[in-house]
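S.K.: Got a structure for you, questions after.
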Amino acid sequence: MNHEISRRAWFSCLKTFVTSGAAGLVATGLSRNEVVFSQTSQSTPLATPTIEWTGHSYVHPQKVLLWENTRKEFREALEAGKVKAAIIPTGSTEQHNEHLALICDTACATLIAQQAALRLYPQVTVATPCPLGYAPYHMARKGTLTLRKETFTAYVYDVIQSLRAHDIRTILVVNGHNGNHGPLLEAMPEWRKKLGMTLDSETYVTAFKEEELAKFLTSYRLLREGKLDTLARRTGMSHASEVETSILMAAYPDRVRSFTMEEYDQAKLNYESEFSPEVEAYLEPFTKQGWPKGENPENARDRARQEQALFATKEKGERLITIATQFIADRVQRMIDSTEKGAPWPEKG
Ligand SMILES: [Zn+2]
């Protein structure tokens with residue numbers, strides 16, 4: 001693969017070089033050989049970063065996915081010292097309003113992990129994603145599956161330990177579901193101590209800063225301008241709304257369904273009361289906290305999410321994917337550097 005990259009880069013560069021050399025030939029009256037010689041000695045066009053970077057687009061996107069490799073391919077990459085780090089994507093299988101496939105969070109985390117690994121190719125492998133997360137508060141909506149917190153963290157720990165056994169000493173968990181964020185952060189210090197490695201977790205939406213989002217996302221601009229008039233509208237932005245819908249439109253359009261607010265209202269959904277005892281047991285720890293005056297604001301919030309999803313576009317999704325990919329790739333590169341220098345992780349300051 002690498003051989004092919006450099007050959008193509010060489011030929012494309014050579015073509016440009018010969019063309020400009022030929023033009024120079026007429027202007028200066030020198031022989032062809034002299035022009036080529038003098039230009040070669042003045043600059044080294046073959047070594048420009050642009051050429052190296054173009055080469056990366058020839059990497060087959062599945063190459064960075066651990067589970068798509070054979071044992072031979074993975075072993076040889078490890079033995080050659082090419083694979084220095086792993087990303088473990090974690091997500092959820094949970095309701096994402098009326099229009100997004102339940103796998104949204106897992107799909108987004110895996111996408112960002114894969115894009116970051118391609119950017120850092122061949123240093124990073126993406127481990128098999130964890131498709132379920134900690135999501136009891138979504139259980140009122142049919143289709144949601146949840147793990148207990150301890151099941152989720154035990155699963156992630158076991159994946160980390162497996163990779164560690166294959167001598168991978170740098171691992172970032174890239175999370176796509178808010179409910180997993182706290183349990184992962186909480187577990188990290190103890191896991192680092194136990195495994196003695198460069199280990200961290202990051203939820204990819206951390207890459208998105210409100211100020212930046214307000215430049216191209218309608219809901220964030222309206223928030224900044226003080227035009228999101230209800231608490232439901234101001235707190236319904238992080239789930240199934242403009243951000244996630246845009247990302248799926250850009251990366252996986254077959255996981256997005258069309259809808260209208262008329263259809264939404266006709267469905268007369270109720271997420272505030274009349275739950276079965278089983279569902280009530282899942283919701284109970286959350287109904288006690290965070291709801292003003294003990295009221296369950298879910299119906300209004302659910303509707304606000306649906307409204308804000310209407311702002312989503314494929315172009316916004318592409319921009320969001322680029323921001324998140326850069327953020328995660330930078331983090332993994334810093335972690336690899338830290339492992340190689342024998343420096344402690346997390347970084348100080
Ligand atoms: Zn989500």
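S.K.: Under a crude label model (7 Å from the Cα following the beta-carbon direction), how far is Arg224 from Arg257 in nanometres?
M.R.: Result: 3.4 nm between the two label points.
S.K.: Could you list which residues have their amide H under 5 Å from that of Ser201, counting only those 5 or more apart in sequence or on another chain, with H placed in the peptide plane?
M.R.: Close amide H contacts, sequence-distant or interchain: Val173.
S.K.: Could you list Arg221, Arg75 so that the one with the fewest beta carbons within 10 Å of its beta carbon is first and the one with the most is last?
M.R.: The fewest-first ordering by Cβ neighbours comes to Arg75, Arg221.
S.K.: Kindly put Thr90, Thr313 in sequence by how many other C-beta atoms sit within 10 Å of each C-beta, fewest to most.
M.R.: Thr313, Thr90
S.K.: Further, regarding this structure: Could you give the length gained on full extension between Lys348 and Glu186, defined as 0.36 nm per residue of separation minus the Cα-Cα distance, in nm?
M.R.: 56.5 nm
S.K.: Another one. Would you mind ranking Trp67, Trp345 by Cβ crowding within 10 Å, fewest neighbours first?
M.R.: Trp67, Trp345
S.K.: Do any GluC sites (Glu not before Pro) in the range 147-247 lie in a loop, going by DSSP, with at most 16 other beta-carbon atoms within 10 Å of their beta carbon, and if so which?
M.R.: Hits after loop and neighbour filter: Glu225.
S.K.: Just subtract the alpha-carbon distance of Glu307 and Thr322 from 0.36 nm times their residue separation and send over the number in nm, one decimal.
M.R.: 2.9 nm
Here, each number is a calculation from the coordinates, and none is a lab measurement. Remember, predicted model here, so these are calculated numbers, not experimental data. All Cβ positions, even for glycine, are placed from backbone atoms using ideal geometry, and neighbour counts span all protein chains on display.
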